[in-house]
Amino acid sequence: MKNIIILTGAGISAESGIKTFRGSDGLWENHKVTDVATPEAWARDPDLVLRFYNERRKQIREVLPNKAHLALVQLEKYFNVDIVTQNIDDLHERAGSSQVMHLHGEINQSRSSIDENLIYDIVNAEMKIGDQCELGSQLRPNIVWFGESVPMIEQAIPLVEKADIVIVIGTSMQVYPAAGLLDFSKPTTQIYNIDPNSVMQSQQKNLSIIKQKAGVAVPLLVRELLNNN
Ligand code: OAD
């Protein structure tokens, strides 16, 4: 079976009703990212950071996977499929995809603020000041913030290296190291980019740019790949 790697960003969840990051106002849900998504913000005002992510968690739990998330699941019938997402939502999992790697963490998990390996599922929607890990330190969202390292990238690179097909969906490819992942693909790998505002350069012969919304383009591409398999 051929290996397909799917790199997704906020754009794939836009049609489920979750806002992308780089909208026109430069704000993320009315906040500057530096006020809510950095280690400095956490040190300065952890209560604000927890409230911000509590809101995001509540919102994510209220929305549903869309046609794009659902179509990707079909690929598993005939391909080895790995999804590498920058999204913190769980819409790929809820759609039914079986192998999903979250580069930037998961909204439904908390982690110790002194040991990044102590990770817990968040059962209720709310995290509070005073919630502690087993070592007695305050729990923080299990999210990779700006300025923090992205440990999962080491596991994502070999997946891209062995890929026969890479499909990039709904990411502005501005945030490293995720944005550098394509550099690890083989010269023969077929690459597709689905994004109405794609900024990828189309000189490469094995790159197809599809400037459409994910909810339209992903089901069509999936059908084509299954038919041609
Ligand atoms: P961005 O907001 O930077 O980019 C979203 C992309 O989705 C843009 O290129 C849009 O054109 C595209 N898009 C919008 N609607 C779409 C649709 N219906 N179908 C397909 N594409 C659509 O989001 P990311 O690239 O995911 O990091 O952002 C990367 C990281 O930056 C995020 O993971 C987050 C953020 O800061 C952290 O939280 C650590």
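Each residue of segment 56-73 was assigned a 3J(HN,Hα) from its phi angle through the Karplus expression (A = 6.51, B = -1.76, C = 1.60, θ = phi - 60°), giving 4, 5, 4, 5, 5, 5, 8, 9, 10, x, 9, 4, 5, 4, 5, 5, 4, 4 Hz with x at Gly and Pro. Taking amide H as placed 1.01 Å from N in the peptide plane, Gly105 has its amide H under 5 Å from the amide H of Val144, each at least 5 places away in sequence or on another chain. Annotation: Thr34 carries an accessible surface of approximately 80 Å², with a 1.4 Å probe and no ligand, DNA or RNA atoms counted. With springs connecting C-alpha atoms under 10 Å apart, model the chain as a Gaussian network and identify which of Asn80, Asn108, Asn66 has the largest mean-square fluctuation. Fluctuation is largest for Asn80. In this structure the amide hydrogen of Lys2, modeled in the peptide plane, comes within under 5 Å of the amide hydrogens of Asn80, none closer than 5 places in sequence on its chain.
For the chain, carbon and sulfur atoms together expose 50% of the accessible surface, with a 1.4 angstrom probe and every protein chain in place. Using alpha carbons only, how many angstrom separate the centre of segment 25-56 from the centre of segment 141-168? First find each Cα centre; the distance between them is then 23 Å. The lysines whose alpha-carbon is closer than 16 Å to the alpha-carbon of Lys128, local same-chain residues fewer than 8 away aside, are Lys58. Computed over Cα pairs, the Kirkwood radius of segment 49-96 leads via Stokes-Einstein (1.306 mPa s, 10 °C) to a diffusion coefficient of 131 µm² per second.
For segment 156-229, trypsin sites (Lys or Arg not before Pro) meeting the loop criterion (DSSP other than H, G, I, E, B) and having at most 16 other Cβ atoms within 10 Å: Lys162, Lys205, Lys211. Sorted into 10 angstrom bins from 0, the C-alpha pair distances of the chain split as 8, 33, 35, 19, 6, 0 percent. Residue-wise HN-Hα couplings along segment 35-43, as the Karplus relation 6.51 cos²θ - 1.76 cosθ + 1.60 with θ = phi - 60° gives them from phi, are 8, 9, 10, 9, x, 5, 4, 5, 5 Hz; Gly and Pro carry x. Counting heavy atoms of the protein chains alone, Tyr192 has an accessible area of about 30 Å² for a 1.4 Å probe. Of the residues Leu118, Leu70, Leu91, which exhibits the maximal mean-square fluctuation in a Gaussian network model of the chain defined by a 10 Å Cα contact cut-off? Result for the chain, Cα springs under 10 Å: Leu118 fluctuates most.
Charging the Cβ of each Asp and Glu at -1 and of each Lys and Arg at +1, and nothing else, the dipole of the chain about its Cα centre rounds to 820 debye.
Averaged over its residues, the chain has an accessible area of 51 Å² per residue, based on protein heavy atoms and a 1.4 Å probe. Loop-located GluC sites (Glu not before Pro) in segment 131-165 (DSSP state other than H, G, I, E, B) with a sparse environment of at most 15 neighbouring Cβ atoms within 10 Å: Glu134, Glu148.
The values are calculated or read from the model by the stated rules, or taken from the named source; none is laboratory data. These numbers come from a predicted model, not from an experiment. Virtual Cβ from ideal backbone geometry, glycine too; neighbours counted across all protein chains shown. The area values use the complete protein model at the heavy-atom level, side chains included, leaving out ligands, DNA and RNA. Shrake-Rupley method; radii C 1.70, N 1.55, O 1.52, S 1.80 Å.
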